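Trainee: For reference, the structure I am asking about is given below.
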Amino acid sequence: MRSGTTTKRMARYLPRLGTLTSSALIVLAMPPVEWSFLVFVGLLPWFFSLKGCKTLSSALLQSLWLNILLGFGGAFWVALGTQRYLSVGAPAGALALLLHSLVHQGQLVLFGMLFWKALRAAAPQTLMRVLGLASLYTGLDWVTPKLFHDSLGMILYAYPELRHLAALGGVPLLTFAVALVNLASYSWLTGLIDRKPEDGFAAMAGPSLRLVLPFAGFVLLGSFQLAQTKEALKASSRSLRVGFVQGNIDNALRRRVADADPDAARTSLERYLSGTQRLSSSPETLELIVWPEASYPGIFRKPENEGQLTLNLAFDRFIADLAVPIAFGAYDREDSAGRRRLRNALYLVTPTREQPAKQLSPMQVYHKATLFPVGEYFPMLDEATVRRWLPNSTHLSSGDGPSLLELSVSKGGPVLLGPSICYEDVSATHARSLAMLGADLLINISNDSWFGDHGAARWHLIAAALRSVETGLPQVRATNSGYSAFILPTGELHELTRFDESAERSFELPLVSARPT
């Protein structure tokens, strides 16, 4: 008797079947599986679990479970990335995943409690209630802090018409569409379940319209915006032939480069030099070549020893002989007040064929402004403390904010490049700032090799592609191990690389004006 009572008591603290089902559906809709259609019903089972809760604390518990399960199932690569990047053991990686999962989708916890309260007052059987609840979820999703800025709305990238809602309202509008369809489906199903025999099927007309009309409206609105974007691309009178190199430097070699191993530095750089030579031998005349984040091994043009000086001079001579501008990732150093500061940087080096052998090519630099917590800095901890705990960690200083680089081309005047480095492309604010500054082309350089091909790299690509949809700007994205691509304002990917391969690609990107979102 006591055993049965204890079992029932314990069961109250476990996730219900509906919560488990919603977790599975949403995880399957996300990378790496990407059965995207499941997102339209992903929240439904959880809604029914909440309906069955008798107390607010029970609803809170089911909401917490959904948040945690999505963290473990949809972001399990956090453990792997932590282990590889910080060179720590599996227990530390598991701890990082647990901590992240507790706050992975915090808006679900808040919304779950408010939705339960709303159900106690009245079921969402009117259009205004459905719209109100969808707006509530979207607002909570928008204001809730998230490490990766990820949202259920991003899953709609798979559908060209629907993803173009982002051109009007960014990812929050995509999230609103997901929430509204799920809530309208819940309203339709509860109406069907609660229907009395004497009501007839005519009574289902209202719930059916609440389900069909919003979805049809989203498709029509997105289709109209997609058509406008395609017309703008057709009307474009300027273009830029761009190439990128994906070197696929493995993590062991990158770690040796970080430890100032000169042989590793030369091997790593040679991989990119060889790829660039193959790329430049193509019949098309390239106007810009892009390398990934930290593809130049070490600090550029501020050598700290003889080996770094030799590497710097050889690389600069290579660029001068190539006579094609190169944008690449490296580190920059600043010494002030006796303190050495390192910054993650994107350099644009623009050579001239006539320059003397000992003359350095003109250079512009952008410093990464939004650093990745723990990966590039530890909040409220100084570098010495972090180094004692995690010798392989990186402690960087941030840049001043979004800024543009100017690329001179033979026709049509300069092209203004809007740079972002790795984590910065998950932020719509960063891309929007670049568009407002007058960028003609977005450039993103990244390295997702630490996470492996388990979903993180694909999520990152989707985030970058949505920045082009939002701003209406083309983009070149160069990564170390994938996924690299040329991205049109429609969100289409051209010359997409596979993960974990070496590749060189080029493409003629049309240049169009940014649009307000």
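Trainee: Please determine whether any residue of the range 425-435 is out of contact with any helix residue (DSSP H, G or I) (no Cβ under 9 Å at 6 or more places or on another chain) and over 21 Å from LEU173 (Cα atoms).
Mentor: Among the residues of the range 425-435, not one is out of contact with any helix residue (DSSP H, G or I) (no Cβ under 9 Å at 6 or more places or on another chain) and over 21 Å from LEU173 (Cα atoms), which makes the answer no.
Trainee: Just for the range 468-517: of the residues that are without any contact (Cβ under 8 Å) to a residue 60 or more places away in the chain and open to solvent by less than 10 Å² (accessible area, probe 1.4 Å), which one is farthest from THR429 (Cα to Cα)?
Mentor: My answer is ALA485.
Trainee: Mind checking which residues of the range 278-294 are touching a residue at least 24 places away in the same chain (Cβ under 8 Å) and not charged (D, E, K, R)?
Mentor: Residues satisfying the conditions are LEU279, SER280, SER282, THR285, LEU286, LEU288, ILE289, VAL290, TRP291, PRO292, ALA294.
Trainee: Related question: Those residues that are within 19 Å of LYS146 (Cβ to Cβ), small (Gly, Ala, Ser) and open to solvent by less than 10 Å² (accessible area, probe 1.4 Å), I need them from the range 428-452; list them, please.
Mentor: The answer is ALA431, SER446.
Trainee: Could you tell me whether any residue of the range 431-440 is under 29 Å from ARG271 (Cβ atoms) and not aromatic (Phe, Trp, Tyr)? Steps first, please.
Mentor: Of all residues in the range 431-440, those under 29 Å from ARG271 (Cβ atoms) come to none.
No, the range 431-440 contains no residue that is under 29 Å from ARG271 (Cβ atoms) and not aromatic (Phe, Trp, Tyr).
Trainee: A further question on this structure: Among the candidates PHE47, PHE72, which residue alone is surrounded by fewer than 21 Cβ atoms within 10 Å (Cβ to Cβ), of a type in the set (Phe, Trp, Tyr) and touching a residue at least 12 places away in the same chain (Cβ under 8 Å)?
Mentor: Exactly one of PHE47, PHE72 is surrounded by fewer than 21 Cβ atoms within 10 Å (Cβ to Cβ), of a type in the set (Phe, Trp, Tyr) and touching a residue at least 12 places away in the same chain (Cβ under 8 Å), namely PHE72.
Trainee: Please go through (1) over 20 Å from the mean Cα position of the chain (by Cα); (2) closer than 28 Å to TYR159 by Cβ; (3) assigned to a loop (DSSP other than H, G, I, E, B) for HIS104 and return the number of the only condition it doesn't satisfy.
Mentor: Evaluating HIS104 over (1) over 20 Å from the mean Cα position of the chain (by Cα); (2) closer than 28 Å to TYR159 by Cβ; (3) assigned to a loop (DSSP other than H, G, I, E, B) leaves (1) as the failure.
Trainee: Continuing with this model, one more query. Residues that are among the acidic types (Asp, Glu): find the strands (runs of 3 or more DSSP E) completely inside the range 473-517 holding 2 or more of those.
Mentor: Counting at least 2 such residues, we get 503-511.
Trainee: Sticking with this structure for a sec: Right, GLY89: without any contact (Cβ under 8 Å) to a residue 40 or more places away in the chain, surrounded by fewer than 20 Cβ atoms within 10 Å (Cβ to Cβ), over 21 Å from the mean Cα position of the chain (by Cα) and within 27 Å of ASN447 (Cβ to Cβ) or not?
Mentor: So GLY89 fits the description; yes.
Trainee: Any idea which residue in the range 50-69 is least open to solvent (accessible area, probe 1.4 Å), counting only those that are outside any helix (DSSP H, G or I) and in contact (Cβ under 8 Å) with a residue 12 or more places away in the chain?
Mentor: Residue satisfying both the conditions and the ranking: CYS53.
Trainee: Within the range 323-336, is even one residue open to solvent by 10 Å² or more (accessible area, probe 1.4 Å), under 30 Å from LYS411 (Cα atoms) and either more than 32 Å from the chain's Cα centre (by Cα) or modelled with pLDDT under 90 (or both)?
Mentor: Checked against the condition, which is being open to solvent by 10 Å² or more (accessible area, probe 1.4 Å), under 30 Å from LYS411 (Cα atoms) and either more than 32 Å from the chain's Cα centre (by Cα) or modelled with pLDDT under 90 (or both), the range 323-336 yields at least one hit.
Trainee: On to the next question. Just checking, does the range 435-458 include any residue being within 22 Å of TRP35 (Cβ to Cβ), modelled with pLDDT of 95 or more and among the β-branched types (Val, Ile, Thr)?
Mentor: No, the range 435-458 contains no residue that is within 22 Å of TRP35 (Cβ to Cβ), modelled with pLDDT of 95 or more and among the β-branched types (Val, Ile, Thr).
Trainee: Take the residues in the range 197-241 that are of a type outside the set (Gly, Ala, Ser), surrounded by 14 or more Cβ atoms within 10 Å (Cβ to Cβ) and farther than 27 Å from GLU161 by Cα; name whichever of them is modelled with the lowest pLDDT.
Mentor: MET204
Trainee: If I filter the range 132-175 down to residues being hydroxyl-bearing (Ser, Thr, Tyr) and not in a helix (DSSP H, G or I), which single residue comes out as surrounded by the most Cβ atoms within 10 Å (Cβ to Cβ)?
Mentor: Applying the filter and picking the extreme gives SER151.
The values are calculated or read from the model by the stated rules, or taken from the named source; none is laboratory data. Predicted model, so just to flag it, every value in this text is computed and none were measured. A quick note on method: Cβ atoms are made from the backbone with ideal geometry, for glycine too, and the neighbour counts reach across all protein chains shown. All accessible areas refer to the heavy atoms of the entire protein, side chains included, with ligands and DNA or RNA removed. Shrake-Rupley method; radii C 1.70, N 1.55, O 1.52, S 1.80 Å.
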